[in-house]
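The values are calculated or read from the model by the stated rules, or taken from the named source; none is laboratory data. All of these numbers come straight from a predicted model, not from anything done at the bench. A quick note on method: Cβ atoms are made from the backbone with ideal geometry, for glycine too, and the neighbour counts reach across all protein chains shown. Calculation scope for accessible area: heavy atoms of the full protein, side chains included, ligands and nucleic acids excluded. Shrake-Rupley method; radii C 1.70, N 1.55, O 1.52, S 1.80 Å.
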Amino acid sequence: MTDSLAIDVAGIAFQNPLVLAAGTAAYGRELHDVADLSALGGLVTKAVSPEPRQGAPSPRVGEFEQGMINAVGLANPGMEAVRATELPWLAAHRGNLRVLVNVVGRVLEDFAEVVTTLDGSDGFEGFELNVSCPNTRAGGLEFGADRAVLAELVQRARSATKRPLFVKLSPTLQDVATTAKVAVDAGATGITVVNTVPGLVIDVERRRTAVGFGSGGVSGSAILPVGVLATWRVSRATNVPVIGVGGVRSGTDVVQYLLAGASLVGVGTAGLVDPKRPEKIVRELGAWLDRHGVRDVRSLIGTLEWPV
């Protein structure tokens, strides 16, 4: 089963296609004693910005029946602390786990600055650029919503590293496939879809919002179809690997993403609920392959039969 799950993506050898999504596993050490990270394919770190960020007010997370809402505000210790502390820990402890560093910024130039600062470090294979965050110079418009800005952002990051660059796009984009093509043409190695869906959850007993910021990002099983559709659209529009993210709770959810065209599949909320759930998902995926006589997980990618 183990060999059937191995996959090479963007020149990186993953032992299986399951990765922990950005923001759900911090920088790895937080889960080291509670989950078997060696059973997974990879990990995307929480956000890294040029300067430390305190993030949004508490409470930062709220639950509802179909999932979770969060407003963390991209809190992180800043790129210098990550370079000095977190990446050396990953280099020493990650084993076969492949790592992508998630990058955020307030202005366009921040992304290339983080990439340049971290590029010489060990402990990771590539970057994931979170262009769903607000561009303060543009009055809060998401970087990914302006294709000219997105192209320049990716070009600058591309010039700062030879490592793989994945660009993470929002599910609210009017045409996610065309935006993905812009990112690829500018130098992206791959695309990640989707980020959380904007939403509002209200605590009706207190008559207040569930999270301190007010609105937040919705994740969990409710957004599985959103992520799968975006994956299908992006995989058909580009010739680069796609990381499909959103709503994954089981091995069959992973199969949905693979059939839609994903090469890697991210799990987030399910791992927050149960830190051991991701390793169980890997086993469920292997069992599904065995039941269906699939010897190589790569043979599933992009094989969805679309109605005529």
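All of (1) at pLDDT 95 or above; (2) hydrophobic (A, V, I, L, M, F, W, C); (3) surrounded by 15 or more Cβ atoms within 10 Å (Cβ to Cβ) hold for Ala35 with one exception: (1). For the range 21-29, the criterion of being assigned to a helix (DSSP H, G or I) and either acidic (Asp, Glu) or under 15 Å from Gly266 (Cα atoms) (or both) is met by no residue.
Which numbered condition trips up Leu118, out of (1) within 18 Å of the chain's Cα centre (by Cα); (2) open to solvent by less than 10 Å² (accessible area, probe 1.4 Å)? Just one mismatch for Leu118, condition (1). Note on the range 152-187: among residues that are open to solvent by 70 Å² or more (accessible area, probe 1.4 Å) and not β-branched (Val, Ile, Thr), the one that is farthest from Phe111 (Cα to Cα) is Gln174. The combined condition, being hydrophobic (A, V, I, L, M, F, W, C), in contact (Cβ under 8 Å) with a residue 12 or more places away in the chain, assigned to a helix (DSSP H, G or I) and open to solvent by less than 20 Å² (accessible area, probe 1.4 Å), is not fulfilled by Val149. Is one or more of the residues making up the range 5-22 over 20 Å from the mean Cα position of the chain (by Cα) and open to solvent by 10 Å² or more (accessible area, probe 1.4 Å)? Within the range 5-22 (the criterion being over 20 Å from the mean Cα position of the chain (by Cα) and open to solvent by 10 Å² or more (accessible area, probe 1.4 Å)), the answer is no, since none of the residues qualifies. Candidates are the residues of the range 38-57 that are among the hydrophobic types (A, V, I, L, M, F, W, C) and in contact with a Gly (Cβ under 8 Å, 6 or more places away or on another chain); the one that is modelled with the lowest pLDDT is Ala56. Residues that are at pLDDT below 95, open to solvent by less than 50 Å² (accessible area, probe 1.4 Å) and out of contact with any Leu (no Cβ under 6 Å at 6 or more places or on another chain) occur at least once in the range 125-137.
For the range 47-82, enumerate the residues that are of a type in the set (A, V, I, L, M), open to solvent by 20 Å² or more (accessible area, probe 1.4 Å) and closer than 14 Å to Val114 by Cα.
Residues of the range 47-82 that are of a type in the set (A, V, I, L, M), as a first pass: 47-48, 56, 61, 68-69, 71-72, 74-75, 79, 81-82.
Now restrict to residues that are open to solvent by 20 Å² or more (accessible area, probe 1.4 Å): 61, 68, 72, 74, 81.
Result: Ala81, single match.
Give the residues of the range 177-200 that are over 19 Å from Ile12 (Cβ atoms) and among the polar types (S, T, N, Q), sorted by residue number.
Our first condition is that a residue be over 19 Å from Ile12 (Cβ atoms); within the range 177-200, this holds for 177-182, 185-186, 194-200.
Answer for the range 177-200, where residues must be over 19 Å from Ile12 (Cβ atoms) and among the polar types (S, T, N, Q): Thr178, Thr179, Asn195, Thr196.
With respect to (1) touching a helix residue (DSSP H, G or I) at 6+ places or on another chain (Cβ under 8 Å); (2) of a type outside the set (Asp, Glu); (3) more than 25 Å from Val167 (Cα to Cα), the lone exception for Phe64 is condition (1).
Matching residues to (1) closer than 22 Å to Val101 by Cα; (2) touching a Lys or Arg at 6+ places or on another chain (Cβ under 9 Å):
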site	(1), (2)
Trp232	no, no
Pro241	yes, no
Arg249	no, yes
Val255	no, no
Ser263	yes, yes
Pro275	yes, no
Pro278	yes, no
Leu285	no, no
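Contact map, the range 166-191: first residue at positive phi, second residue of a type in the set (Val, Ile, Thr), Cβ cut-off under 9 Å, separation 6 or more or different chains; pairs are Gly187/Val154.
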